[in-house]
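The values are calculated or read from the model by the stated rules, or taken from the named source; none is laboratory data. None of the values given here were measured: they were computed from a predicted structure. With ideal geometry, Cβ positions are generated from the backbone for all residues, glycine too; neighbour counts draw on all protein chains shown. Each accessible area value is taken on the protein alone, full model and side chains, heavy atoms only, with ligands, DNA and RNA left out. Shrake-Rupley method; radii C 1.70, N 1.55, O 1.52, S 1.80 Å.
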Amino acid sequence: MARFDEGIYSDRQISDQLAIATRTAAHPCGPVSLSEVLLQDLRVERAHAQILHIGHDTAVQMPAVQLPVLYSILEGAIRLDMSGEAPVDLLPGENALLFYGDRHRLGRGRKAENGVPPHVQTHMPELIEHRHIGQGPARAVVLQSVLELTYVRKNAHVNRAAPDLLVLRVPTSDDAGPSFKSFPYSGAQLAEDLDGPGSLALVSGFANLQLCYALKQWSSRLWGEGIHDVRCPNMRRVATVVREIRAHPDRPWTVTDLARHVGLSRSAFAAAFHDVIGESPIAFLTRMRMERAATLLRTDSLSMYEIAQRVGYPIESSFARAFKRHWGVAPRSFSDEGSGMEAAE
């Protein structure tokens, strides 16, 4: 069953979605293909992952995280229980996508433990953490991925609903039933490949593939082969600008340039951006630049001039003033680990 979470969807958005579901909605900008939707605003930006080794004697209670969660079974078998859904048993090569990150339970054991999801953080660790839960040999080895999608903010006007839980089964040649299919993979091979540098990049790509495959099947089952607009008309434009800013914070962006980039007037673009993101284009641009600068200060041995250039400030002194306004400390003080962490918090 699809649902709308309080705080994410407005009353108008809910009525818009219901109109779309009953095929009475107007499409002022024309219908949008599913490929465009998946490429523009339902793409996995990053996956924060950990590998769980869950013992025979243990069941793990996972808290809600308000982000999509993907479970991919690498070894053994595991049961997943979630409120409002029938329990499902998962085998190697299968996936479970909890689109809204609801609270859930993993395992059959009598001993209950509280689980800790992978930490969503700006600086991605190089290696994937392994967590051993329970005693004795593991009943199952499971890759847990918390997904950051292109629309990051809860007030983004996504105007869509998805199933709370999508179970992706191993496809078989004679499978004609109602189940959704996992994009084929070897659990043992994936477990081997998730060792060493670059593993989180691999998880992000893998998660994006499974997400697209799942939503493609769900949309086909819901709409058939038709093309339907399932979001507000300006979402694609704003998502495009957000990606451009994140990819190229060094460019001398202005609101007029950004508006022209997506074919809107300056005033219409500024209003649409604020409605979707919750802040002005310049405030968002500045924040992205300052967060990028903070990351560079903590992780790279670059001069202040080089960092200023990389985040769009041709003059080092202008960068230093903007940085201090945002973080409350000068860039050189921020590069000190203690001061930087204190300012970031």
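Among residues of segment 72-130 being within 23 Å of the chain's Cα centre (by Cα), assigned to a strand (DSSP E or B) and of a type in the set (S, T, N, Q), the one that is nearest to A140 (Cα to Cα) is S72. Among (1) closer than 16 Å to F323 by Cβ; (2) charged (D, E, K, R); (3) in contact (Cβ under 8 Å) with a residue 24 or more places away in the chain; (4) open to solvent by 30 Å² or more (accessible area, probe 1.4 Å), which single condition is D300 missing? Looking at each condition in turn, D300 falls short on (3).
Residues considered: E45, E36. Of these, the only one that is touching a helix residue (DSSP H, G or I) at 6+ places or on another chain (Cβ under 9 Å), assigned to a strand (DSSP E or B), at pLDDT below 90 and closer than 22 Å to W218 by Cα is E45.
One residue alone among F269, F273 is under 28 Å from L296 (Cβ atoms) and not basic (K, R), and that residue is F273.
Scanning segment 293-313 for residues that are under 19 Å from E244 (Cα atoms), at pLDDT 90 or above and not hydrophobic (A, V, I, L, M, F, W, C) returns Q309, R310, G312, Y313. Scanning segment 110-148 for residues that are open to solvent by 10 Å² or more (accessible area, probe 1.4 Å), among the small types (G, A, S) and touching a His at 6+ places or on another chain (Cβ under 8 Å) gives G134, G136, A138. Taking segment 89-120 as the range and being in contact (Cβ under 8 Å) with a residue 40 or more places away in the chain, of a type outside the set (S, T, N, Q) and within 22 Å of P184 (Cβ to Cβ) as the test, the residues that pass are L90, L91, P92, G93, E94, A96, L97, L98, F99. Being at pLDDT 80 or above, open to solvent by 10 Å² or more (accessible area, probe 1.4 Å) and of a type in the set (A, V, I, L, M, F, W, C), is that true of even one residue in segment 171-178? Checked segment 171-178: no residue is at pLDDT 80 or above, open to solvent by 10 Å² or more (accessible area, probe 1.4 Å) and of a type in the set (A, V, I, L, M, F, W, C). Does T240 fit the bill of being over 16 Å from A322 (Cβ atoms) and part of a helix (DSSP H, G or I)? Yes: the conditions hold for T240.
Residues in segment 202-219 that are within 13 Å of V146 (Cα to Cα) and of a type in the set (A, V, I, L, M, F, W, C): V203, F206, A207, L211. Quick check: anything in segment 233-249 in contact with a helix residue (DSSP H, G or I) (Cβ under 9 Å, 6 or more places away or on another chain) and over 23 Å from R46 (Cβ atoms)? The answer is yes, given that some residue of segment 233-249 is in contact with a helix residue (DSSP H, G or I) (Cβ under 9 Å, 6 or more places away or on another chain) and over 23 Å from R46 (Cβ atoms).
For V255, the stated conditions do not hold, so it cannot be described as modelled with pLDDT of 80 or more and within 25 Å of the chain's Cα centre (by Cα). Within segment 251-293, restricting attention to residues that are touching a residue at least 60 places away in the same chain (Cβ under 8 Å) and either in contact with a helix residue (DSSP H, G or I) (Cβ under 7 Å, 6 or more places away or on another chain) or part of a helix (DSSP H, G or I) (or both), the residue that is nearest to R321 (Cα to Cα) is E291. Among the numbered conditions (1) under 25 Å from the mean Cα position of the chain (by Cα); (2) farther than 25 Å from R310 by Cα; (3) loosely packed, with under 14 Cβ neighbours inside 10 Å, the only one that S267 does not meet is (1).
The rows are residues; the columns are (1) crowded, with 18+ Cβ neighbours inside 10 Å; (2) in a helix (DSSP H, G or I); (3) at pLDDT below 90.
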position	(1), (2), (3)
L190	yes, yes, no
A201	no, yes, no
L209	no, yes, no
I227	no, no, yes
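Over 24 Å from F206 (Cα atoms) and not β-branched (V, I, T): does that describe R110? Here the answer is yes, as R110 does meet what is asked.
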